Amino acid sequence: MATRATIRIAKREAGVSFNEHTEDYHTQIYHHYDGYPDHLGVALAEFVSDTRVVNGIPIKTDNIKYANGLGDLAAQTLVYLKLGIPYERHEITPGNVYLDKHGTERCDLDYMYYIWADEGKDIWISIFDWYNNCLFVGTPEKLINKYKIDTNDDG
């Protein structure tokens, strides 16, 4: 059974609350299965945790990934998911991940994610359930700490 989710890339702006939906988002990605916070949420958080949104392409001098604006962040996120990297596939396969037309409303979602980003600002993530309850708001690191399942020998 599918656990459907959308991921919206949205601009961090003054006066816009992270625990409320916004229709002023840049891009929407549909993810058909494994949309649970302990899978898709953690995968998104791990992907963006070392990403900085910039204007222009900086000279890479450290282990930080850069996205040249929200469009580049959306493209990188789409490729990461479409390649199946969270599943360790590293190949494009049909299905599961789709780029939605702006304004697409899906009535069968289990989760909705927002990745809030802007040039020079930390990335934050919000998670909403199918009842539109806000389950999580915070940095990628806090999401990982809350939802990543401990797979070591102790737990």
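Out of His26, His32, which single residue is within 21 Å of Asn96 (Cα to Cα) and without any contact (Cβ under 8 Å) to a residue 60 or more places away in the chain?
Numbers: His32 fails: without any contact (Cβ under 8 Å) to a residue 60 or more places away in the chain.
Selected residue: His26, the only one of His26, His32 that is within 21 Å of Asn96 (Cα to Cα) and without any contact (Cβ under 8 Å) to a residue 60 or more places away in the chain.
Quick one: which of Ile57, Ile9 is surrounded by 15 or more Cβ atoms within 10 Å (Cβ to Cβ), out of contact with any Phe, Trp or Tyr (no Cβ under 6 Å at 6 or more places or on another chain) and not basic (Lys, Arg)? So that I can check it myself, show each step before the final result.
Values: Ile57 fails: surrounded by 15 or more Cβ atoms within 10 Å (Cβ to Cβ).
Being surrounded by 15 or more Cβ atoms within 10 Å (Cβ to Cβ), out of contact with any Phe, Trp or Tyr (no Cβ under 6 Å at 6 or more places or on another chain) and not basic (Lys, Arg) holds for just one of Ile57, Ile9, which is Ile9.
Mind checking whether some residue in the stretch 31-38 is part of a helix (DSSP H, G or I) and either of a type in the set (Phe, Trp, Tyr) or buried (at least 16 other Cβ atoms within 10 Å of the Cβ) (or both)? Write out each step before concluding.
Step one: filter the stretch 31-38 for residues part of a helix (DSSP H, G or I), giving 37-38.
Imposing the further condition that a residue be either of a type in the set (Phe, Trp, Tyr) or buried (at least 16 other Cβ atoms within 10 Å of the Cβ) (or both) reduces the set to 37.
Among the residues of the stretch 31-38, at least one is part of a helix (DSSP H, G or I) and either of a type in the set (Phe, Trp, Tyr) or buried (at least 16 other Cβ atoms within 10 Å of the Cβ) (or both), which makes the answer yes.
Within the stretch 124-145, restricting attention to residues that are farther than 13 Å from Val42 by Cα and in a loop (DSSP other than H, G, I, E, B), which residue is modelled with the highest pLDDT?
Ranking the qualifying residues of the stretch 124-145, first place goes to Asn133.
Would you mind stating whether Thr22 is modelled with pLDDT under 95, among the polar types (S, T, N, Q) and surrounded by 15 or more Cβ atoms within 10 Å (Cβ to Cβ)? Show your work before the answer.
Details: modelled with pLDDT under 95: yes; among the polar types (S, T, N, Q): yes; surrounded by 15 or more Cβ atoms within 10 Å (Cβ to Cβ): yes.
In short, yes.
How many of the residues making up the stretch 67-123 are of a type in the set (A, V, I, L, M), assigned to a loop (DSSP other than H, G, I, E, B) and either crowded, with 16+ Cβ neighbours inside 10 Å or touching a residue at least 24 places away in the same chain (Cβ under 8 Å) (or both)?
Going residue by residue through the stretch 67-123, those that are of a type in the set (A, V, I, L, M) are 67, 70, 73-75, 78-79, 81, 83, 85, 92, 97, 99, 109, 112, 115, 117, 123.
Adding the requirement that they be assigned to a loop (DSSP other than H, G, I, E, B) leaves 83, 92, 109, 123.
In the following step, the residues that additionally are either crowded, with 16+ Cβ neighbours inside 10 Å or touching a residue at least 24 places away in the same chain (Cβ under 8 Å) (or both) were identified as 109, 123.
Number satisfying all stated conditions: 2.
One line per residue, one yes/no per condition, for (1) modelled with pLDDT of 90 or more; (2) touching a Gly at 6+ places or on another chain (Cβ under 8 Å); (3) closer than 13 Å to Ile7 by Cβ:
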site: Thr51; (1), (2), (3): yes, no, no
site: Asn55; (1), (2), (3): yes, yes, no
site: Lys60; (1), (2), (3): no, no, no
site: Ala67; (1), (2), (3): yes, no, no
site: Leu70; (1), (2), (3): yes, no, yes
site: Leu81; (1), (2), (3): yes, no, yes
site: Val97; (1), (2), (3): yes, no, yes
site: His102; (1), (2), (3): yes, no, no
site: Cys107; (1), (2), (3): no, no, no
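The values are calculated or read from the model by the stated rules, or taken from the named source; none is laboratory data. For clarity, every value in this text was computed on a predicted model and none was experimentally measured. A quick note on method: Cβ atoms are made from the backbone with ideal geometry, for glycine too, and the neighbour counts reach across all protein chains shown.
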